[in-house]
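The values are calculated or read from the model by the stated rules, or taken from the named source; none is laboratory data. As the structure is a computational prediction, the values presented were derived from the model and not from experiment. As a convention, Cβ positions derive from the backbone with ideal geometry for all residues, glycine included, and neighbour counts pool all protein chains shown.
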Amino acid sequence: MASYLVQAGTNLYTMSRSGVATQIVLPPGITLYGGSIPCRATVLGSAATPNIIVVNGGTQDFYIDATGFARQLQVSAPTAGPVLSAGTGTGLTGIYGVAISFKVKDANLGLISESALGPTTFSASLSNNSLKMQNIPVSGDTGINSRGIYRTTSGGNILYPWFDIDDNITLTEDRDTVDALLSILPTTANMNGAPPDLKLITVWNDALWGVPREKIDSVRWTENRLFYGWAQSNEAIIQPKQTDNLGVTAFIPRRDQLGVTRYNRTYQITGKDDDTYAVNGISNDIGCMSQESVVIVRDVAYWLGERGIVQWDTQGIGYVSEAQVTPWFITDTYFNRALFTQAKARYNPDTDAYELLLASAGSSVLNQWVCYDIKMKRWFGPHITNGFIPTATGTNGAFAGTLTDKNLTPIVVFGSSSGTLFRRDVTTANDNGFAVPYVLSLPIAAGGTPGSPVASPMTFPDMQTYWGELSVHSRPEVAGSVTVTPTVGEINASPSAPFTHNLTIPRERLPRLGVGKYMQLTFTHNNLNEPFRLHGIIINWNLVGRR
């Protein structure tokens, strides 16, 4: 089976580590909505027999088995039981009940999935007869190729596995299996339950967890490792219900907790099984705006909340963007906040950074991205991509937005509106044939402490400062130049005439900057195939009136 699942418009592909894409044939009657309503997928099962569960993005949810074959997820249970009567054989005495399920099996008759049980029907009292079944239910769902037959013992009401009919055609059977030859254990098929139509999906604690599209305030989960086993009792309400039209907005699967969010609240589910699962609130004012913004790195979760980027770890929950870049997320100056619900994020293992796709102010597409360096705890951006319109970064998880090649080396990618996957190439300085714009505004500085070699922000904000010669240090390049624009004077001063720094020179002395209370430098560069790396600056300065 291919290693990755890729959606391009209304088509779905598996892609191998060598880059070979194979289109998935969707089950009959199922179509994808396209990029406006994304598919959400997760994997449940062993490495040998994985099943990819795909929800939200199609007219019906479906799953893809280990061979790449797609089947619908929601299989209807029988609505009626068979008609029972005395058969022509011997061996059974008493009243018996029978119920039917619909099954999907592989070529070796191994079970792939099973519906819930249909209603149980009972026979008249038999007297040393076999049990004849007529009008055995037939499924109208595509892919059903077997039916499970379950029977009680004489006079009982507990169902035991009896036999399978490995087709979807046969209507009549006559069997005389005595009670002693039935399975020792009763069936667990009554725990299956019909999979709900889901808008969110994840895997945690060896079970699938989902949010039904018609019950957006509820969380449902399956029996362990059974993607079709959605027992009706496996449900939790995420309060406060019926207060908005978003309901549950995201799952955040950490090692020992499953985070569940509304747009303005965060809860955690803890426990080991159905009997011990518990829902507890961890924040009444921080939620998640987009499932696709969730990334988990080393059991620390990051995502987009109403007021910025949230971090949740063993120390608690809070905004990591608050101290440095709050205006990005609480004003309309930088980004189109109406599209926060469509934001998408990835983890970049090359730089150990959380990267988030957003729409710039006035834009209707995700055309910019920001970066949070996890080790440095610093923010960079907003960055712009001119070569294509990014549309996808990957599903949530530790390596959202990365692929691995045949040597298992991570490859950082963006999906684009053209249906192409783009990877970052650090050896070039172009964006799919376009120049990569570079704008760096250094912090506003005022004169520092007398005797200090460094100017620091706002140390003496009311004193005039002489800003002398500027020295720029950069990595030497083959060719190119960068524009350096100083702003000197009051806090609202206009920029001065720009200087040009020659990129072929590792250290260049530029003219004096002038006199003023404040000083700021802005570096701009927008030339195709010209890399630029700034190493540092040196400015000679002193307060006016001091020597």
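Among strands (runs of 3 or more DSSP E) lying entirely in segment 414-490, which contain 2 or more residues that are at pLDDT 90 or above and outside the structural domain of W369 (by TED's automatic domain parsing)?
Because the criterion is at least 2 residues that are at pLDDT 90 or above and outside the structural domain of W369 (by TED's automatic domain parsing), the strands (runs of 3 or more DSSP E) in segment 414-490 that meet it are 465-474, 481-489.
When you go through A345, A338 one by one, which is the residue that is on the phi < 0 side of the Ramachandran plot, surrounded by 22 or more Cβ atoms within 10 Å (Cβ to Cβ) and not in a loop (DSSP other than H, G, I, E, B)?
A345
Please enumerate the residues belonging to segment 1-37 that are assigned to a strand (DSSP E or B), touching a residue at least 60 places away in the same chain (Cβ under 8 Å) and of a type in the set (G, A, S).
A8, the sole residue that qualifies.
In segment 348-371, how many are surrounded by fewer than 16 Cβ atoms within 10 Å (Cβ to Cβ) and either under 23 Å from S283 (Cα atoms) or in contact (Cβ under 8 Å) with a residue 60 or more places away in the chain (or both)?
Adding up the residues that qualify gives 1.
Any chance segment 52-67 includes a residue that's of a type outside the set (A, V, I, L, M), loosely packed, with under 14 Cβ neighbours inside 10 Å and over 39 Å from the mean Cα position of the chain (by Cα)?
There is no residue in segment 52-67 that is of a type outside the set (A, V, I, L, M), loosely packed, with under 14 Cβ neighbours inside 10 Å and over 39 Å from the mean Cα position of the chain (by Cα).
Does W312 satisfy being in the same structural domain as Y354 (by TED's automatic domain parsing), touching a residue at least 12 places away in the same chain (Cβ under 8 Å) and of a type outside the set (S, T, N, Q)?
Judged against the criteria, W312 is not a match.
Regarding R255, is this residue within 18 Å of the chain's Cα centre (by Cα), surrounded by fewer than 16 Cβ atoms within 10 Å (Cβ to Cβ) and more than 22 Å from A77 (Cα to Cα)?
Considered against the rule, which asks whether it is within 18 Å of the chain's Cα centre (by Cα), surrounded by fewer than 16 Cβ atoms within 10 Å (Cβ to Cβ) and more than 22 Å from A77 (Cα to Cα), R255 comes out as yes.
Just give me the residues in segment 170-221 being surrounded by 18 or more Cβ atoms within 10 Å (Cβ to Cβ) and either touching a helix residue (DSSP H, G or I) at 6+ places or on another chain (Cβ under 8 Å) or of a type in the set (G, A, S) (or both), in sequence order.
A189, G193, L200, A207, G210
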